[in-house]
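**Q** Got a structure for you, questions after.
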DNA sequence: GTTAGTTATAGGTTATTATCTATGGGTTGA
DNA sequence: TCAACCCATAGATAATAACCTATAACTAAC
């Protein structure tokens, strides 16, 4: 039996012939002519090298080989129906995966969106990758993920970015620090103290340093630390001043004090970033649409900057091609 | 997803791509060129309307949709493999059915062949039809069965017949009949008595009557009976003389006596008959070959006339077209 | 930076498929 | 016997599939 040149259309026609028990009737149902169906069946029989139906006293009689082939076809089409269901879910964003890579700071706020989304779409896998800016950037270059979360989006040609949340920076000091109880502090006062900072590539540090440079200020003393947690703990134990995203600060007193700096309001934004030169997973589209619709609901409304509309619009355009 | 124009070849190529993880490698294995495979995959993706494999850092990566399609294909090919096994058995005569229609008298001897055959090929169905000559002839005309067993084969154009067993006729009389103990009896002596005969169409009766006509003899008195059993019983109870196939006579004394008629040796033959204008079931070929090889083994060698060779030879020729 | 290996694309040829219309031949039932 | 069905076959055509070669473009490794 040579399956090679047998198409599913052929099997469809054959099944109809078995079901209706008539070549003419099949032709009518499938909007074909009777000779077409006749010939199709003949071709199939040649491929199988065995008669599938025989005329017997003016009635079409299905042979054993034909019967068994019919059963085989039923099973086969069953599997393809299943596959179609799967595809439908996949395309509808109900199934599949959406790999997200994010910078460290974002790990505190993205779950607030991912949780509700995941509950709504339980069949969507959501693997998360967390790294510093350099690491996430490298992943972006290699196109390893579906969605990237940055502050300071990379300005590469085949990237599309959209802000979704303001990321205000806060200065924190130990509770026993000289500035801890001062009403208004200025940036120039602060730089005399020792600072605890993330690595040079980090968005937080870049933002802070560019502000210092703009103002012609220089830090007298700074220590580099590998994570936001490390900085928080170090500040609490009196090692110096920390500059941290508002979103990573726990609510309530935790051994440090947030300063009100009168002459500096530092803030960056988080962006959802996608590559436009790659196929975008349906689940990723689905998540971004969800985010656009529910940012205000699940994130603190004070900081939300919902600019996802344009991104989703351009994705919808792309979908057509 | 539009299956219509997807052939199994296409799925085969796709499966190989998934298995090898490479388009070039697949091309080499399937003796195609790389662009051919590339294009096939593209076509398949268009049919599914969803990427199945994507290039990621110089490596082919199978998408979710691709993976699921692969699994679907595995199942589908599994079913067709099963079907191929089924076909192989069918074509080898190991499976299927062989419908045999036979005249009444044959029912006593054919089972001696069918039994051993059935044991050898347990998956072959062997439905039997038994009727008088007219009935079997009608079935033959309509082509309802695969093999027919006649004495006096119908001489129709698209029929092929082969003798396999001699069918000698015997005259039986009640044990208390005047002729019962006579050494030699002649036909002309017999016709004075009452005869018990089958219906006019039956081969036995036709043979007997044509012999009478040839000799210019006329029966003085005859009674028609519907079955060989009825005749046997009637003879035993003294109703007259019977003419029966040797093969339907039980061995040993059963209330009647077999005469030795010196001037008449009546015998017909049983034939296997098939229609040559129809497809011959593999099981039927298989049975006829079996019969050719084992006639002498399972039937009384004295009567066997094995002329199946020619029949099977012409069947083998036909098989080619 | 050259080579070797990969995939993608363009352009072309040939074989096959998927259709059709027209027609012939056989059955059935009025 | 004739109309109304059925199926099979012939002959024709347009679309498409299935391939090819040549070539481009990219990446990894030497």
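What follows draws every value from the coordinates through simple rules; no lab data is involved. Bear in mind the structure is a predicted one, so any value in this text is a computation, not a measurement. In this analysis, Cβ positions are derived from the backbone assuming ideal geometry, glycine residues included, and neighbour counts consider all displayed protein chains.
**Q** Modelling each spin label as a point 7 Å along the Cα-to-Cβ direction, I'd like the residue A:135/residue A:258 distance in nm, to one decimal.
**A** 2.7
**Q** Could you give, in nm with one decimal, how far residue A:278 is from each other copy of that position, shortest first, with labels 7 Å out from Cα toward Cβ?
**A** 6.5
**Q** Please state the relative contact order of chain B as a whole percent: Cα pairs under 8 Å, 6+ residues apart?
**A** RCO, chain B: 21 percent.
**Q** In addition: Relative contact order for segment A:128-281: what percent, with Cα pairs under 8 Å and sequence separation of 6 or more?
**A** With pairs under 8 Å counted, the relative contact order is 45 percent.
**Q** Right, here's the next one. Rounded to the nearest 0.05, what FRET efficiency do residue B:279 and residue B:224 give with R0 = 56 Å and r taken as the Cβ-Cβ distance? Could you check?
**A** 0.90
**Q** Tell me, what is the percent relative contact order of segment B:161-246, built from C-alpha pairs under 8 Å that lie six or more residues apart?
**A** Across segment B:161-246, relative contact order equals 48 percent.
**Q** For residue B:125 paired with residue B:251, estimate the spin-label separation in nm (one decimal), with each label point 7 Å from Cα along the Cα-to-Cβ line.
**A** About 3.5 nm, to one decimal.
**Q** Continuing with this model, one more query. Two decimals is fine: what's Rg over Rh for the protein assembly as shown, C-alpha atoms, Kirkwood radius as Rh?
**A** 1.37
**Q** For chain A, find the longest principal axis of its Cα atoms and tell me its angle to the long axis of helix A:308-320, 0 to 90°, nearest 10.
**A** With rounding to tens, the tilt is 20 degrees.
**Q** Same structure again: Hey, what angle do you get for helix B:64-91 against the long axis of chain B, alpha-carbon based, 0 to 90 degrees rounded to 10?
**A** Roughly 20 degrees between the two axes.
**Q** Along Cα→Cβ, 7 Å out, is where each label goes; now give me the distance between the ones at residue B:142 and residue A:210 in nm to one decimal.
**A** 9.3
**Q** If one takes the longest principal axis of the Cα atoms in chain B, at what angle in degrees, from 0 to 90 and to the nearest 10, does the Cα axis of helix B:34-48 lie?
**A** 80
**Q** Taking a point 7 Å out from Cα toward Cβ as the label site, list the nm distances between residue B:112 and the same residue in every other copy, smallest first.
**A** Counterpart label points of residue B:112 in the remaining copies fall at 9.7 nm.
**Q** For residue B:237, go 7 angstrom from Cα along the Cα-to-Cβ vector, then report the distances to that same point in the other copies in nm, smallest first.
**A** 12.1
**Q** Within 10 Å of each Cβ in A:83-92, how many Cβ atoms from other chains are there, averaged over the peptide?
**A** Mean inter-chain Cβ contacts per residue within 10 Å come to 4.
**Q** What is the average number of partner chain Cβ atoms found within 10 Å of a Cβ in A:272-281?
**A** Mean shielding count: 1.
**Q** Related question: When the label point is put 7 Å from the Cα of residue A:25 along its Cα-to-beta-carbon vector, which residues of segment A:48-78 have a backbone N closer than 14 Å?
**A** Counting backbone N atoms under 14 Å from the label point, the list is A:59-62.
**Q** Here's something else I'd like to know. Using per-residue counts of other Cβ atoms within 10 Å, averaged over each peptide, order A:162-169, A:280-287 from highest down.
**A** Those peptides, ordered most packed to least, come out A:280-287, A:162-169.
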